[in-house]
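The values are calculated or read from the model by the stated rules, or taken from the named source; none is laboratory data. Computed from a predicted model, the values in this text were never measured in an experiment. Glycine also receives a Cβ, built like all others from the backbone with ideal geometry; neighbour counts cover every protein chain displayed.
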Amino acid sequence: MYFFKKTFIFLSFIFCSYIIYLQINILLSSQVENVAPSSNYSNKNTQAITPIPAKQNLNKAIVLLGRRLFFETRLSKNDTVSCASCHNLHNAGVDGLVVSAGIHAQVGTMNAPTVFNSSLNFKQFWDGRANTLEDQIDGPINSPSEMDSSWPEVIEKLTASGEYPALFKTLYPKQGITEQSIKNAIATFERSLLTPDSPFDLYLKGQQNAINKEAKKGYQLFTGLGCISCHQGVNVGGNMFGKMGVIHDYFADKKIITEADLGRFNITHKNEDKYLFKVPGLRNVELTAPYFHDGQTRTLKSAVQKMAYYQLGVELSEEETRFIKAFLKTLTAKLD
Amino acid sequence: MKFISIYRPISIYRLSSIIFLAITLLSILIYNTYIKNLELEDNLLALSKQASTLNLEINQSIFFNQFGIHQNYDNLNYQVFELEKIQRKINDSATLIQDLNNASITHSLDAFKSNIDKKISLIEQLKSHYALFRNSAYFFHTLSQEILSNHLLSNLIKTPIHQLQRVLLSHSYNYSESSTQLINRAISKLQTLSSQISSKDKKQLNLLIKHVQSLSLYGNKTRNLVNLITASQLSQPIDTLERVVSQHYMLQHKKSLAVQKILFLLLSLASIYIVFLLFNLAKQSKKLNQVLLDLNNQQFALNQHAIVSSSDLQGNITAINEKFCDIAGYTKEELIGNSHKILKSGFHDKDFFTSMWNTLAQGKVWHGEIKNKTKQNEFYWVSATIVPFFHGTGELSHYIAISTDITLQKRLEEQLLSNQSFMDKLTNSMAQGVYAIDTEGLCTFWNKEAERILGWSASELIGKNIHNLIHFQDTYGNHVVSEQSILQKSIVNNTHYSSDKNLLTHKNGTDVPISITAVPLTENNKVIGSVAVFSDISKRLANEQLLKQAIETAEHASRAKSDFLANMSHEIRTPMNGIIGMTDLALDTSLDKEQKEYLDIVKSSSFSLLNIINDILDFSKIEAGKLDFEYIEFNFPHLLSETIKPLDIRAKQKDLLLTVHLPPAIPSTLVGDPTRLKQILTNLLDNAIKFTQKGEVKLTVSIQIAGNNKSCLQFDISDTGIGISEHVQESIFNAFSQVDTSVSREYGGTGLGLSISSQLIHLMGGEIWLKSVQDKGSTFSFTAWFDFPIQTKEIPALLSITQTSTDDSATNDDSSKNLNILVAEDNPINQKLAFNLLTKKGHHVIIAANGIKAVEQFKQQPFDIILMDFQMPEMDGIEATQVIRSIEASTSQQQTPIVAMTANAMKEDKDKAFSAGMDGYISKPIDVKELFNTIYKHLNKNPSQNVTKKISLPLQICNWNIALKRLADDTELLEMMASMFIDESDNYLKKIDEAVNAQDSIRLKQEIHTLKGVCSTLSADKVEQLLKTIENVVPEKQWTEIKPLITTLEQEIKILIRALKNRLASHK
């Protein structure tokens, strides 16, 4: 009898402890750290093209950590490729190649877009398969032709490194080195890569002399021809999907068609999304050659002419092309 | 006394556990009254509201974009993004709420998500389409202006363009169905007119039409999309969500109400229980009164029986009962107030009372027997129990003594004690140990002598079960259970038991051998125990042991001597080998007559000495039990002729006639030990010749008992010699006895010959006897058993005595000159001997001093034959042979004949030699003839001799005909075996490989053995030989050596399979 009593009391004690444990657990679970994904750019300005805001509210330490990670080759399997390998910050955030070279010199399928102002895009990648900069990072990390790594591998390497554990411990005290914290740091850095105060932005802000006459004419053409209906917003594009080849069939004229040419269709598998691509932002477009998703167009002049031909059915005169080019160049800001 | 337990207070432990349980239960219930997840639910509802608001804002933005109030999509994108974020949050909080994962919530969440997804997808379409629409609108404006400003164009064309401008601009690019008709009409008009204008203008016009069509198309699409988007309802799934959450909330609420009810119920129950407890308490107090009454009655009963007194702490009597007064002879008044000392008898000493008072002072109960004195100075005994009592504060208050009168009992006890003491004196003066046990096995008696012998004192043992202390093992140290001891046996069977071989154990653990007698102890014809009387016999046993040891030592010395002699074999033979061999060599040189004579004497003396040594060694081997017998087939007539030949020469020298009578009925091939038979016959015939001066010596063989597969042969050796007197006949087969000591002087000999022969015959299962008449002659007869070989062969014609063996001719055949011979021998004398003997015959000889060097030489060049000493330093002959054989196997060479040279005359050495892969065997000292015989016998180039059994033919891959013969010409069976082998061979090899990899020698041996059996059935000699080699290497576990052998085996098996396949194919 004595034994049974003792056992029963012991069991009831365990039961009480369990209930207390459950309560604490519920309390703790409501305190789980939630790193907010980046919010898209909230633009209250209703004009077609709006200037880039000068000030941002970002944690500078995290930006610096992100910058370090951006140049970190340990994100790739054999420690050879970093984000900066393809998104050269000294070359307007691109590598100038048709398609980029990843790990073991493997090549990609689409032209690498610039990392500058990428946070102003409503989605990432040409086919818009990532909603946020954070989600975008999964792509190159896991792609066998880019970095060919995985999150567990990356986390293991960074944890084993000399500097990162302390940095993360300070900046992400609750998380440490995790997939989320690494992504957040890199994305935060990328968010800092805005290029405000281009001549055209200054013009929009009222400095009439910020751009010359030719550029002004170009802007008129840009609007009058209808380019501005797609290339609008703060990033002069980057906020919608558009079909490549509206009036003339771009892909019929192309010699080699790849799977990547199907664009948005590869993500949604809807017929109406064939040949749809994210309309690229035109900021710093002067510096981000070659152009279009396939990188087959080497000069800005050619890109402008092709756009007019395929999207409008217009063959621009040399003069018109020069004007539009002059306008586009005013979108180039000081990069550092 | 059950009722008393009711008043035991509930222990603190029990009480606290009950309280703890109650609190636990209450806390669980109270915990359940709270409504959980309230915050989460509120949050969910707030999010739903946000989603609704955002939905409306998105609709608004879409209108703003459509009407050009917003010229970029940034704001719309932001709102869509926010909506997605809220949708995710709703999903997260819904899953966080416990018990809410039911179907309806999942469904409404899914519906909510898919509605949002659908809406976003429509918005994306709208953005694309609307951009195209605006694009065309901008361009239409630019292009139409350009066309209208062209002065070359007629107004006919400009009019519909004006119309289009009007329609499109007036509706701000948002036109209705009616305007579509106007547009279409204008377009068709333009199309008809376009044929009249220049190609450049036509191109412009066509582009204009295209963009107008685009405007119309995307205008419609945009309108439809806007309708769809604004019509899409997010509120419905949100409502459902809210409803489900509210329902859940209500449920929680209900549950908490129910728990509150339970709580109330519990409280009521608790109140009822308290009332019940109070009622119970009243009942118990009533019972208590009853108990008090009972107690009084009991006290009364006690007073009737016992002497009861009460005293204070100083021993002064405070109360007594009547019984006390009766026995003490005092009145109550005389005693109360007085000390107990008044009753003191003076019998007990001071310590007795001191210990009593000490016990009581500690608050303990005291029991004891006290002798008291009455008022009339008479003594009486009481058995008293004195109980101390306490105040409530824990201090002693008084004592109560309860006593009974035991005076009579005491008197009887005293009588008994005096009897006992007499008995003790008696037994303690005995010179034997005495002890007794009762039927339970407990010791009841133990005398002084027992104490002296075993070290235990009586006080240590009395009342204990002593079997396991002193009597638990027999003389061999085995454990004896109590039931098997002779004391218990005497109790059970009620008889005497005696034993001279018994063992008792001393207190210090040593064993004491004793002789013991156990007698049952009876009372009223019932056995009540057993008495054992024992005496120490260790001295006697020690003497016996000394005697035994002396005998053993003597036997051991004798055996050691025999061992020594047996082992002398090698030591003695080696120098003898030198002497005889060197003499042989010396005789071959050019000598003068005198020298030759001396050397002949040396040689014959050496042989005599060798014979004597052989006799002594044989004798000692027999003594040492180290003699082994062969069991082989041999040609009986041939053996006889070989035996007779040297004796015949001696007989002829003495002009004696030596005849042999061999009846034809005796099979020519027998199985047994030919060497020993030859030895016996030689000894007996030699004796006969030796002791016969004139006449004849006759050997007669007859069949004594004939069996189917064995028979007993009788050999009679009769002579016409000096005969043996009767008294000598009796001892003639004993060792070291000759007919007369004078005989040894006259005839020589060790006197061991007959003894050895007789012992050999006995060991072979036969008998020896003799008949003799002094001066007339003797007949020695013996019998011996021989088996017949399994296959009876043709009996060859009777051999004539003078027939010479074909061996001899082989020896003289010098066709095999210039052989390349390797001699492995460590002894320098033997090295020289072998070298000279062989080089003399023209052979090329290389000497290796040990096995390692022999192997090295073998690796460097091929040899025709190898002579291998058995015992060598570094690596012995057996090991060297194994290594050589494995090298040959791995390089697929033909085997070089290896002949063992050894002074080890033991049979197991011979077996070892053959199993190691040796082909022949010569014993030392080397007999020149034997040496060359053996060498030529084992050389392939020598024409084969009919006596050779061990010819090394080149091994065949598969000897089909022999295999067929073995299977009694059953071709079908053999073919089946062959194809089975082909199929299974891979499996065999796999198993062998596995065993080798696992380094499992036992398994490997089994596998090799199995495969060997199969190969021998197929007569696959080459593979079989290889398997034998591997088998020999396996026990040494030289895995590195085995691996190349296995590789060779695999190759050989491949060859064998190919051969078998060819054979099978040719048969079909």
*Of the residues A:F323, A:F292, which single one is in contact (Cβ under 8 Å) with a residue 60 or more places away in the chain, over 25 Å from B:N206 (Cα atoms) and touching a Gly at 6+ places or on another chain (Cβ under 7 Å)?*
A:F323
_Given the criteria touching a helix residue (DSSP H, G or I) at 6+ places or on another chain (Cβ under 9 Å), free of Cβ contacts under 8 Å to residues at least 60 places away in the same chain and more than 7 Å from chain A (Cβ to nearest Cβ), does B:T53 qualify?_
no
*Could you please find all residues in segment A:104-115 being surrounded by 21 or more Cβ atoms within 10 Å (Cβ to Cβ) and in contact with an Asp or Glu (Cβ under 8 Å, 6 or more places away or on another chain)?*
A:N111, A:A112, A:V115
*Restricted to segment A:229-238, and to residues that are facing chain B (nearest Cβ under 7 Å) and touching a helix residue (DSSP H, G or I) at 6+ places or on another chain (Cβ under 7 Å), which residue is surrounded by the most Cβ atoms within 10 Å (Cβ to Cβ)?*
A:G233
*Out of segment B:298-307, which residues are without any contact (Cβ under 8 Å) to a residue 24 or more places away in the chain and closer than 26 Å to B:L396 by Cα?*
B:Q298, B:Q299, B:F300, B:N303
_A:A215 vs. criteria touching a helix residue (DSSP H, G or I) at 6+ places or on another chain (Cβ under 6 Å), away from every other protein chain (no Cβ under 13 Å) and either in a strand (DSSP E or B) or not charged (D, E, K, R) (or both)_ = yes
*Under the condition of being surrounded by fewer than 20 Cβ atoms within 10 Å (Cβ to Cβ) and either outside any helix (DSSP H, G or I) or touching a Phe, Trp or Tyr at 6+ places or on another chain (Cβ under 9 Å) (or both), which residue from segment B:98-120 is modelled with the highest pLDDT?*
B:N102
*Looking at segment A:62-71, is at least one residue crowded, with 18+ Cβ neighbours inside 10 Å, more than 14 Å from chain B (Cβ to nearest Cβ) and without any contact (Cβ under 8 Å) to a residue 40 or more places away in the chain?*
no
*asked:* Are there strands (runs of 3 or more DSSP E) fully within segment B:446-555 with at least 2 residues that are farther than 16 Å from B:G433 by Cα and touching a residue at least 60 places away in the same chain (Cβ under 8 Å)? List them.
replied: B:526-536
*Number of positions in segment B:1023-1061 that are modelled with pLDDT under 80 and more than 29 Å from the chain's Cα centre (by Cα)*: 0
*Please tell me if B:L713 is modelled with pLDDT under 85 and among the hydrophobic types (A, V, I, L, M, F, W, C).*
no
*Looking at segment B:831-868, which of its residues are acidic (D, E) and modelled with pLDDT of 85 or more?*
B:E856
*asked:* Being loosely packed, with under 10 Cβ neighbours inside 10 Å and either out of contact with any strand residue (DSSP E or B) (no Cβ under 6 Å at 6 or more places or on another chain) or within 17 Å of B:K344 (Cα to Cα) (or both) narrows it down to one residue among B:Q314, B:Q260, B:Q290, B:Q299; which is it?
replied: B:Q314
*Six or more apart or on different chains, Cβ under 7 Å: which pairs go from a residue in segment B:74-86 that's facing chain A (nearest Cβ under 7 Å) to one that's outside any helix (DSSP H, G or I) and at pLDDT 90 or above? Could you list them?*
B:D74/A:G233; B:D74/A:V234; B:D74/A:N239; B:N77/A:F122; B:N77/A:N239
_Check on B:L156, within 30 Å of B:V167 (Cα to Cα), at pLDDT 90 or above, part of a helix (DSSP H, G or I) and away from chain A (no Cβ under 11 Å)_ = no
*Read through the list (1) at positive phi; (2) in a helix (DSSP H, G or I), then give the number of the only condition that A:L64 fails.*
(1)
_With the requirement that a residue be closer than 26 Å to A:M240 by Cα, of a type in the set (V, I, T) and away from chain A (no Cβ under 12 Å), what does segment B:108-150 give you?_
B:I116
*Among the residues of segment B:909-951, how many are at pLDDT 65 or above and not in a strand (DSSP E or B)?*
27
*Could you please let me know if B:N72 is assigned to a loop (DSSP other than H, G, I, E, B) and modelled with pLDDT of 85 or more?*
yes
_Give me the residue from segment B:891-907 that is modelled with pLDDT under 80 and small (G, A, S) and, out of that set, surrounded by the fewest Cβ atoms within 10 Å (Cβ to Cβ)._
B:S892
*asked:* Take the conditions crowded, with 17+ Cβ neighbours inside 10 Å, within 14 Å of chain B (Cβ to nearest Cβ) and in a helix (DSSP H, G or I) and apply them to A:F222. Does it pass?
replied: yes
*asked:* Just to be sure I understand the filter: pairs with C-beta atoms under 9 Å, separated by 6 or more residues or on different chains, first member in segment B:1011-1024 and in contact (Cβ under 8 Å) with a residue 40 or more places away in the chain, second member buried (at least 21 other Cβ atoms within 10 Å of the Cβ) and small (G, A, S). Which pairs pass?
replied: B:L1018/B:A978
*Name the residue, out of B:S403, B:S339, that is of a type outside the set (A, V, I, L, M, F, W, C), touching a residue at least 12 places away in the same chain (Cβ under 8 Å), buried (at least 17 other Cβ atoms within 10 Å of the Cβ) and within 29 Å of B:F300 (Cβ to Cβ).*
B:S403
*Are there any pairs, at least 6 apart or on different chains, whose C-beta atoms fall under 9 Å, with the first in segment B:308-332 and on the phi > 0 side of the Ramachandran plot and the second in a strand (DSSP E or B) and of a type outside the set (D, E), and if so, which?*
B:G315/B:S339; B:G315/B:Y399
*asked:* Given the condition more than 14 Å from chain B (Cβ to nearest Cβ), of a type in the set (K, R) and either surrounded by fewer than 23 Cβ atoms within 10 Å (Cβ to Cβ) or within 28 Å of B:Q66 (Cβ to Cβ) (or both), answer yes or no: does some residue in segment A:185-199 qualify?
replied: yes
*Tabulated pairs, segment B:226-242, first within 22 Å of B:A131 (Cβ to Cβ), second of a type outside the set (F, W, Y) and surrounded by fewer than 17 Cβ atoms within 10 Å (Cβ to Cβ), C-beta under 7 angstrom, 6+ apart or interchain*: B:S232/B:K118
*Please go through segment B:975-1022 and pick out each residue that is within 21 Å of the chain's Cα centre (by Cα) and at positive phi.*
B:Q999
_Filtered residues of segment B:334-390 (kept if in a helix (DSSP H, G or I) and among the hydroxyl-bearing types (S, T, Y))_ = B:T354, B:S355, B:T359
